[in-house]
Structures are given as C-alpha cells and as structure tokens.
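Right, one structure below, let's go through it.
The values are calculated or read from the model by the stated rules, or taken from the named source; none is laboratory data. What you see is a predicted model, and the numbers here were worked out from it, not measured in a lab. We place every Cβ from the backbone using ideal geometry, glycine too, and count neighbours over all the protein chains shown.
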Protein chains: 2
Amino acid sequence: MPQTAPTRTAQSCPQCPIRHSAVCSLCGPSELAELDAIKTYQTFQAGDVIAWAGEPQTIVGSVVSGVATLSRTLADGRRQMVGLLLPSDFIGRSRTQVAPYDVTAATEVTLCTFRKRAFDEMLDRTMHIERRLLQMTLDELDAAREWMLLLGRKTAREKIASLLVIVARRDAALHRREVGNGVSFRLPLTREAMADYLGLTIETVSRQISALRKAGVVEMHGTRDVTIPDFGRLLDESGDDADGGIVS
Amino acid sequence: MPQTAPTRTAQSCPQCPIRHSAVCSLCGPSELAELDAIKTYQTFQAGDVIAWAGEPQTIVGSVVSGVATLSRTLADGRRQMVGLLLPSDFIGRSRTQVAPYDVTAATEVTLCTFRKRAFDEMLDRTMHIERRLLQMTLDELDAAREWMLLLGRKTAREKIASLLVIVARRDAALHRREVGNGVSFRLPLTREAMADYLGLTIETVSRQISALRKAGVVEMHGTRDVTIPDFGRLLDESGDDADGGIVS
DNA sequence: CGTTCTCTTGACTCATCTCAAATCTGGTGG
DNA sequence: CCACCAGATTTGAGATGAGTCAAGAGAACG
C-alpha cells in the first residue's frame, strides 16, 4: 500500500463548503475564529489509510470533500465496513486515545483537522461544538441501525438496491436536486468496498448488479456510472417499506 | 399482545442503582433535584411494547432494571433487533418527535421517565446531561458497529458464541465480578429474540446452541440457564481476535 | 501494447433457511 | 398432585441463496 504523505493546504471558514453542516455549524464568529486558529487541511489519496485500528489517535476533524470508510477486520481477514464518512462527517473521538476502526480514503479525501489537545479544551469551554457533535452522533447511530437491518435481514439483491438508493439520494442532496426517474451518478466505491459495505463477496456484488441490469432496474455505463430509469422500481427492489414507512 | 398499563412507583435519586452510570451521572446535587422533580417510575411487563416505530414519542428516560430491545421490521415482517437496552441506558430522543424503532420490554422493565418538555429545557440550560448523553451515544455507536461486524461477517456459530460472551460479560459487570471459567448466567432473551438479534432464524439459533453444547463449550440447565466451563474456549468460538486485539 | 488490476461469469459446494413434526416447559384447573 | 394445554424449543429432511474456486474479459497505466 503506497502510503503517500498527506498534502497540506489552507482555506478560511466562512466560504467552507461544509460550514453549515459540520461540527462547527452551531458556532458563532468568535468560536469560529478559535477553530480557525487550530485547524489544518490535509488531503489523502484514494486508498491511503488515514488511521489504523488500535493505533493512538492522531487526527480529529471533518471530511471536507471525498469519501472515507470506517472498517473492522476479523483475525482471519474477514472485513466489514461499519461507517461511510461523507463531507461534513466527523472523524476521530475527542477525549480518547485509540480508534477501534481503520479509516481509509475511498476517493481523494480532504480533511479539516484540529489540534487534538486544543480541540478538547474548546469542547470543555463551549457547548456549541458538543451539542452539534451529539446531533451528528445520533444521526450516525440511526444510520448504523438502518445498516444493521440491511446486514441482518436483506437478500443480496436487496442489499445492492439499497446501496444504490443511498448513493443516489446522497448524490442528489449534494447537488440540491430531487431523486427521480433517470437520475445518474457515479459509484464512489469499488466492488470490493461495496462487498465490505454490504457483508457480501465481490462475486455476489457483481452478479447482483448484472441481474439488476438484465432486469432493467439499472443501466450501467462502464463499471462505475449508473442510471436509474425508474426510481420507484429500485425502491421496490430495496425491500424497504413501500409506502415510505418512516419518512426521514 | 396483552398490553398492560405500566405500574407507577417512586424512588429517590441518591440510592438509585444506576445513579453513577445513567444520563444523570455527571449532575450535581442541584441538577439532581431538578431531575427528581420531573421524573416518574414506570414498570412494564415482559412483552409489553414501550414505544411503536413511527408513533409520536412519549417517553424519554433511563432503564433502571430489566432488558428492553430496539427493533425494526421490514414490510414483509422480517425483523432485526438494532439495540439492546440495559440498566442505565437511555430511551428516547430529546428534541425530536418520532422514534424510528419499536421499543419492547424483553423482561420486566422499570424505567425512570422524565417529562419530555421539562427535560428538553434542562438540556438547554445545563451541559452535564448533554455531555453524558454524548458519551453514552458514542458507546452505543461503538456497540452498533461491533454488531455490524457480527451481522455482516460472522457464521451462525460465531454469532451465538459472541452473544454468549456479551451476556456473560454484562452479567459479570452487573455483579462486579470477573468473567472466568465456570461462570453461569441466565439468558434474558427468548430464542426468537436471539434470532432477531443475530440475524438468524430460531431454528438455526437452536441448532447452534445444541452444537456448542455437544462440543462441550457450554452447559445448558433447562433452556435459559447457561454455564461456561472454559471462557477462553468460548472466546475462540466467537471469532474475535484471539489476542484481545483492541482491549476495551 | 504488454502488464496488472478490477470486474464478470461459470460450475460446484455448503451454510442457512424453509417446512414439518416431535418434544419439552411452565402454567392451569380439576 | 396430576393431567392437560399452549407456547417455546428442538430436531429432521430437503431447498436454496450466497460463498468458493477458477477462468476469462475489460480497464487503467506506464
């Protein structure tokens, strides 16, 4: 694994793309200035490991752009992704030393990182960061539980369809569009990453994508670009409650 | 489902069994008095539904004794447990209206519930409750992710062994003992609840327990009481990193 | 244009599920 | 105290979805 050193750059908070959804989103101007003083931007290449499970925690900060993954590995090499980190998501734990997960860049990833000590001290002084961190952690917990339902009870085909729904929705949200018939997007994950995400093997992922393609549920252009001609059809395939169930 | 009305009782905070681990554990005497004023104890019978997914949220509070479960159900009835609520765990979400999960009493459960409005106001005024809630939510997130690894990558036999390890550890912690060879405990879950927890069918749960019994890994006395003659052996069967990996 | 990696497809195996029946357990009323 | 019942659990036999192993087809890259 060719671990390249992260690139460091600078950028100011007010025009930050994640200003209104990241851990700093409840902060006022003075708190923002404090954060500004302790932050550094770092960019990682796709495939780079940002943090190893069990190693002392060196990084806390937000994903500014790109996709990173959290994963755990069993002694014999079986691997399960347990989190997907998208722009504005927070990496690392305040007030603890070791992360129990591998953090890996799935695409090129830029992070806004904070000096850990200074960040922890700010947490103690202000309640805005901590409050936002709680909201975000609760959202992560909901996502993790939705994911548990997928892992425990869905078929391979439903898992693939569910993943496509998630990526389509996120992509639409990022571009401030509605998901609808004919949406196109690029998969930010390799087949292997998809398999790790869904608790499947690469071969099964590949077969189920082919099956959905043959059934006309998705159209593939090359191996990463997807078009969904009928989004409702994809939703049906995902196995989720058809009538929306809990609208979120 | 014979839904009995919960029993209401009273108890004072200082001698509360979960005083030092619940959401109130960082609170000082004055905050504790405030909480005391807005709390009510409620007891539910095994099998009672404490909250339905999608219904307006009526309860926020802590589990004082007993075991409750969080679960989600797919349109066609497939069911996955997504959380196990033990004494001191917090039920409900502040500042939101609907819970996305069914909350069910697995055993007789006593809750220390708070008036929602008053509780939310307290959250805004003090930081101790919110801080503790963040710690607890992070712990829940870690547990959820560990669980995802189990659901996505472990075999049925490993899943059963893992569950037994978890229950044995929790039971030992509750009685302030070490887990060791010869530990005994009672399973707080039916076979069906175990199946929902592990993403299996009850038949597979039953078969794997029988297999572990025949292999001498566990001894069963009746259907709920378990003895583990060799805890290390059970750990091996759980598939987790043998050398402890991340010691937590 | 090879080389190398990723992805797809095929053939076969096996773990887990499904359907069905037998057995056990705890509770109830006689 | 015992017989009986309903629900929970165990066990069996067969079906099947996903994994494994192996090979071939595409893409990406120098």
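Taken as a whole, the stretch B:76-87 holds no residue that is in contact with a Gly (Cβ under 8 Å, 6 or more places away or on another chain), at pLDDT below 95 and surrounded by 20 or more Cβ atoms within 10 Å (Cβ to Cβ). Taking the numbered list (1) more than 14 Å from DNA strand D (Cβ to nearest atom); (2) more than 14 Å from chain A (Cβ to nearest Cβ) in turn, B:GLU219 passes all entries but (1). With respect to the conditions (1) crowded, with 20+ Cβ neighbours inside 10 Å; (2) within 18 Å of A:LYS116 (Cβ to Cβ); (3) among the aliphatic types (A, V, I, L, M), A:VAL98 lacks only one, and its number is (1). From the list B:ARG191, B:ARG169, B:ARG224, B:ARG153, the one residue that fits, being loosely packed, with under 14 Cβ neighbours inside 10 Å and of a type outside the set (Ser, Thr, Tyr), is B:ARG224.
For the subset of the stretch B:176-216 comprising residues that are in contact with an Asp or Glu (Cβ under 9 Å, 6 or more places away or on another chain) and of a type in the set (Gly, Ala, Ser), which member is farthest from the other protein chains (Cβ to nearest Cβ)? Applying the filter and picking the extreme gives B:SER184.
The condition (being within 13 Å of chain A (Cβ to nearest Cβ), of a type in the set (A, V, I, L, M), more than 15 Å from the chain's Cα centre (by Cα) and within 27 Å of B:ILE166 (Cα to Cα)) is satisfied by just one residue among B:LEU84, B:LEU74: B:LEU74.
One residue alone among B:ALA105, B:ALA144, B:ALA99 is within 22 Å of B:THR58 (Cβ to Cβ), away from DNA strand C (no atom under 16 Å from the Cβ), in contact with a Lys or Arg (Cβ under 7 Å, 6 or more places away or on another chain) and not charged (D, E, K, R), and that residue is B:ALA99. Residues of the stretch B:210-223 that are within 15 Å of B:LEU235 (Cα to Cα) and β-branched (Val, Ile, Thr): B:VAL217, B:VAL218. Within the span defined as the stretch A:127-135, one or more residues are facing chain B (nearest Cβ under 9 Å) and in contact (Cβ under 8 Å) with a residue 40 or more places away in the chain.
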